Amino acid sequence: MKHQIEGVTPATLRVAIVFFLCVFYFAGEIYFWGSEYYADAPPYVLIVIVSLVFSFIAYRYLLKKEPERTDAKSYGLVACIGFALFMYAFILRLNIITDSRGLQDYRYQLTEELTWQSNQAVPDLDLYMAKSQYWQQYKPGDKATFQLRKGGLGIWQINMDQVYVKQKLFYDCDGVLSCMIEGSRSNPGVYY
């Protein structure tokens, strides 16, 4: 028996709207209004567990509202992807909200492996992009200060605003997009 996506109904429309809201929140938090990112590995196990629980709830909702549907599992899978994206971004925000200390400055040194390491109990940072003119100015042994936070969830985050400001000054441009556009015109194949 083939499983095809059936017609749109109020229940499937609600699941689809929730999916798109989750994707919108993820894109906004990661690419537009957020400036802090995971300094070490995200809590993937938590993200997967929570997204599976929410997608199971969406699946059960569809079965309850429309028991004759044969594509409820497909909607549940799509919802799971949306919930995973949402949780990836939401955990960052929740970690910030539950933080009581705020951002702290930490001194790092660039290693031969092109990762930033600190002698303090903070995660190593893998920010160096070998094809970036900005990052090429740093050589192994150079030192830099980065702002990190260990939020209420115990997750380390790096504030990239400080790095972006330094990049704007380096490229003498007014924003990330204009830096990329101007730089790509003058140096094709070089990343910023």
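The values are calculated or read from the model by the stated rules, or taken from the named source; none is laboratory data. Please read these numbers as outputs of a predicted model, since none were measured by experiment. Here the Cβ positions follow ideal geometry from the backbone for every residue, glycine too, while neighbour counts run over all protein chains shown. All accessible areas refer to the heavy atoms of the entire protein, side chains included, with ligands and DNA or RNA removed. Shrake-Rupley method; radii C 1.70, N 1.55, O 1.52, S 1.80 Å.
Summary of computed values
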| quantity | calculated |
| --- | --- |
| Relative contact order, percent, segment 47-121 [alpha-carbon distance under 8 Å, six or more residues apart] | 27 percent |
| Extent along principal axes [Cα atoms of the chain; Å; largest to smallest] | 64, 42, 28 |
| Amide hydrogen neighbours beyond the local backbone of ALA39, cut-off 5 Å, H modeled | TRP156, GLN157, ILE158 |
| Per-residue [θ]222 nm for the chain (sum of -39500 (n - 2.57) over DSSP H runs n ≥ 4, rounded to 500) | -16000 deg cm²/dmol |
| Segment 74-151 versus segment 24-42: alpha-carbon centroid distance in Å | 10 Å |
| Accessible surface, 1.4 Å probe, highest first, among residues GLU66, GLU112 | GLU112, GLU66 |
| Contact order normalised by residue count of segment 1-146, Cα under 8 Å, 6+ apart, percent | 25 percent |
| Förster radius 35 Å - calculated FRET efficiency between LYS143 and ILE57, Cβ distance, rounded to 0.05 | 0.10 |
| Karplus 3J(HN,Hα) series, Hz, for segment 12-25 with 6.51 cos²θ - 1.76 cosθ + 1.60 (x for Gly, Pro) | 5, 5, 4, 5, 5, 4, 4, 4, 5, 5, 5, 5, 4, 4 |
| GNM result for the chain, Cα springs below 10 Å: residue of GLY34, GLY154, GLY82 fluctuating most strongly | GLY154 |
